[in-house]
Amino acid sequence: MPQQPDTPHELLDSLDRTPVESDYDQELAQFAGEDARKVWNGELTREEFFELYDEQFREEFGDDYVPPEGVTDD
């Protein structure tokens, strides 16, 4: 029986990273996911994250994208 990951980071590292069939940009998802981990680790602010991705998310998801209101690191 395989050993269960002890932490959320170990769980993420253990996941299959094979892209799934999707209409969405898998490369954007990969980079945004990596940067989301940087936010979680305190290496990037939420504000910086959305500065990087807001326009790309708008282009990718169109009307389905609802940006967060007043993104701050409070």
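Laboratory data are not the source of any read-out in this text; all were calculated from the coordinates shown. The model shown is predicted, which means the values in this text are computed figures rather than measured ones. Ideal geometry is used to build each Cβ from the backbone, glycine not excepted, and the neighbour counts take in all protein chains shown.
Straightening the chain between Ala36 and Asp6 buys 8.8 nm, computed as 0.36 nm per residue apart minus the Cα-Cα spacing.
In this simple spin-label approximation, Leu28 and Val66 carry label points 7 Å from Cα along the Cα→Cβ vector, and these lie 1.9 nm apart. Over region 25-74, all Cα pairs binned in 5 Å intervals from 0 give whole-percent P(r) values of 5, 20, 28, 27, 15, 4, 0, listed from short to long. Annotation for Glu59 and Glu43: the two label points, set 7 Å from Cα along the Cα-Cβ direction, are 2.5 nm apart.
Applying 1/(1 + (r/R0)^6) with R0 = 22 Å to the Cβ-Cβ distance of Glu51 and Asp13 gives a FRET efficiency near 0.25.
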